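Chemist: Just passing along the structure, written as structure tokens.
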Amino acid sequence: MAEESSARLLRAIAEELAQRLMPELSSGDARERAALARLVLEHLAADIDVLAVVAAQWIPAFRAALEEVLQTLPPALFAEQLQSWRADLAGIPIEYGAAREREVRALRTIAAALVRRATDLAGNHGGGPAADAAITQTLGRLGALDHQWLTRYDAARQQKNVSSGTSAGPASRQDASAAQLDPALVTRYLRRRFPGAPHLAASAVVPIPGGRSKKTFFISLTGSATLPTEVVMRQDYALRYEGTKVRDEYTPLVKLAALGLAVPRPLLLEAEDSELGPPFILVERLRGTPPGSYFGMRTPCPGAFAELARLLAQLHRVPPGELGLSAGAAPADSLLQLIETYQAKWRENATIASPLIDYAYAWARGECVEGAGTAAAVHGDAGPYNLLVEGDHLTAVLDWEFLHLGDPAVDLGLVRVYAEEFMQWEEFMRLYRAAGGVPVAERRVRLAMLVNFLKGTTLVATSAPNFEENWTREFVKGANSFTGQRLIELRIAGLLQRFGAV
């Protein structure tokens, strides 16, 4: 009864946020944070009441499946782990109520360890066909079991939301910026950097929600003939676990703007820490708003996506050397290299085990055996959250920090995830080919759809240790690591089912 009351209270707080507090918030940053807080509360409530009910039906079968797997794995290949795994499994107590979340997590941790070890051994063990078959069966079975758990739990969670009246939609998992900069401090910095503009001043600095790996601010300027009146500041987080840096995208922006692509014109690179904090870049502010988030489209925009098809075709034809990319740097299979890079980062940083994610990596690596793709300049993250659209017209493609020499399927697969919500994919590809896009195998485009969310697993995985080890107290980093992985798991589950992998 106490657990049910706790779950009801969490949902009541979530509903209060949605109905009473969020409508009163004036800034986009505050609304984004409130929406994310609401999603966290809803998931916490489900872990208290919904999880226990679903787990009571699922855990016995999952325990039995793990025991059977541990009995059937080839001892010669798994000798070092089998005894330890069996002891760990036997030592997981049967829990009740909300404590079943601990039991589920412990079982999934063992399953994920099994999947990882089987993945590493696949095709690299010398144990013969029988061992290959056992490893393949293990991967498929554990991936399918975790798929069943995730989809059943989410269906029950959503049903509970409907019956409780708290149907919070999937908030964007994108991080909001951490704090608002002082306009006076920004003014002092700019006057130091631009001594020829003594009257230059920042009249407003507004934090912008949506930056997943960078802090973003709109800055209004006065008193300068050199800088525009509206600029955007993209700034690194001061974190231990971080990926790209703003310096990685400044030079490509200079070159892309010179080629006439729809990108914001770069204005300034601050490559070192300053009185404003970590390194940052300033770029011109362009018209338009992002038509969607990481998890889907808000505004269908077929006209803008038609222009995106032509822009990607142009980008993929640019000689890599013109963008500072060495033609000799491309690996034999850049898509496989991405998968392996993401897999290593996921394994190194994840704090919550996911057999399904580990299985998805194994399946994706296996799909790359049929041959490499073409090498070209690739944006690497051309989703709707990195587009600016105004009146169904594409005004800019943002955030070029992932620009690399790789497989154009990466861009096409990512775009397909969102384009299919409102247009036929063949129509997008027709426009891409008509604009001179390079040949890309359909099989690799489909695989790249999954790779998009595999990259997402690395982003949520690095958020967790940054928050748990107190490298940041930023709310969205902790919330992102908690809810983001759950949402990404469901998207991966849907794609694996679509591709017949589970």
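The values are calculated or read from the model by the stated rules, or taken from the named source; none is laboratory data. All of these numbers come straight from a predicted model, not from anything done at the bench. Positions of Cβ are generated from backbone atoms using ideal geometry, with glycine treated the same way; all protein chains shown enter the neighbour counts. Just so you know, the surface numbers come from the protein's heavy atoms only, side chains and all, with ligands and any DNA or RNA stripped out. Shrake-Rupley method; radii C 1.70, N 1.55, O 1.52, S 1.80 Å.
Chemist: With everything on Cα atoms, drop me the angle between helix 75-90 and the longest principal axis of the chain, reported from 0 to 90° to the nearest 10.
Modeler: Rounded to the nearest ten degrees, it is 90.
Chemist: Taking the range 59-144, which chymotrypsin sites (Phe, Trp or Tyr not before Pro) meet the DSSP loop condition and have no more than 15 other C-beta atoms within 10 Å?
Modeler: Listed in order of number, the matching sites are Tyr96.
Chemist: Here is a further query. If the label point is 7 Å along Cα→Cβ of Thr229, which residues in the range 251-278 have backbone nitrogen under 19 Å from it?
Modeler: 265
Chemist: A further question follows. So how strong a dipole does the chain carry about its Cα centre when Lys and Arg Cβ are +1 and Asp and Glu Cβ are -1, to the nearest 20 debye?
Modeler: 440
Chemist: With axes computed from alpha carbons, what is the tilt in degrees of helix 485-498 against the longest principal axis of the chain, rounded to the nearest 10 within 0 to 90?
Modeler: The helix 485-498 is inclined about 70 degrees to the chain.
Chemist: OK, next. Leaving out ligands and nucleic acids, and using a 1.4 Å probe, what accessible area per residue does the chain come to in Å²?
Modeler: 42
Chemist: Leu121: accessible area at probe 1.4 Å, nearest 10 Å²?
Modeler: 20
Chemist: Next up: Relative contact order (percent) for the chain, with alpha-carbon contacts under 8 angstrom and 6 or more residues of separation?
Modeler: Reported relative contact order: 15 percent.
Chemist: Once fully extended, how much extra length lies between Glu101 and Phe422, figured as 0.36 nm per residue of separation less the alpha-carbon to alpha-carbon distance?
Modeler: 111.8 nm
Chemist: A further question on this structure: Rounded to the nearest 10 degrees, what's the angle between the helix 183-193 long axis and the longest principal axis of the chain, both from Cα atoms, 0 to 90?
Modeler: 70
Chemist: Same structure again: What's the FRET efficiency of Leu268 with Thr374 using the Cβ-Cβ distance as r and R₀ = 41 Å, to the nearest 0.05?
Modeler: Calculated transfer efficiency: 0.70.
Chemist: While we're here: Restricting to DSSP H runs of at least four residues, report the calculated mean residue ellipticity at 222 nm for the chain, -39500 (n - 2.57) per run over all residues, nearest 500 deg cm²/dmol.
Modeler: -18000 deg cm²/dmol
Chemist: Considering the options Thr351, Pro408, Leu431, tell which one lies farthest towards the positive end of the dipole of the range 339-465, charges being +1 on Lys and Arg and -1 on Asp and Glu at the Cβ, about the Cα centre.
Modeler: Among Thr351, Pro408, Leu431, the one farthest towards the positive end of the dipole of the range 339-465 is Thr351.
Chemist: Sorted from largest down, what three extents in whole angstroms do the Cα atoms of the range 417-502 have along their principal axes?
Modeler: So the three principal-axis extents are 51, 31, 22 Å.
Chemist: By average Cβ neighbour count within 10 Å, what is the ranking of 488-498, 16-26 from highest down?
Modeler: Descending mean neighbour count gives 488-498, 16-26.
Chemist: Under a cut-off of 12 Å between alpha-carbon atoms, report the aspartates and glutamates in cross-link reach of Lys255, not counting same-chain residues fewer than 8 places apart.
Modeler: Reachable aspartates and glutamates: Glu322.
Chemist: Just the number, please: carbon plus sulfur as a percent of the accessible area of the chain, 1.4 Å probe, no ligands or DNA/RNA counted.
Modeler: C and S fraction of accessible area: 53 percent.
Chemist: Students often forget the sequence filter, so: which lysines lie under 17 Å Cα-Cα from Lys214 once same-chain residues fewer than 8 apart are removed?
Modeler: Of all the lysines, those that pass the test against Lys214 - Cα under 17 Å, at least 8 places apart if same chain - are Lys245, Lys455, Lys477.
Chemist: Note down the relative contact order for the range 317-474 as a percent, whole number, built from C-alpha pairs under 8 angstrom at least six residues apart.
Modeler: 31
Chemist: Let me ask something else about it. Just grab the label-to-label distance for His199 and Ala434, each label 7 Å out from Cα along the Cβ direction, in nm (one decimal).
Modeler: 5.1
Chemist: So how strong a dipole does the range 359-502 carry about its Cα centre when Lys and Arg Cβ are +1 and Asp and Glu Cβ are -1, to the nearest 20 debye?
Modeler: Using Cβ point charges on Lys, Arg, Asp and Glu, the range 359-502 gives about 380 debye.
Chemist: Just going by the charge dipole of the chain, with Lys and Arg at +1 and Asp and Glu at -1 on Cβ, which of Val318, Ala133, Tyr189 is farthest out on the positive end?
Modeler: Towards the positive end, the residue furthest out is Tyr189.
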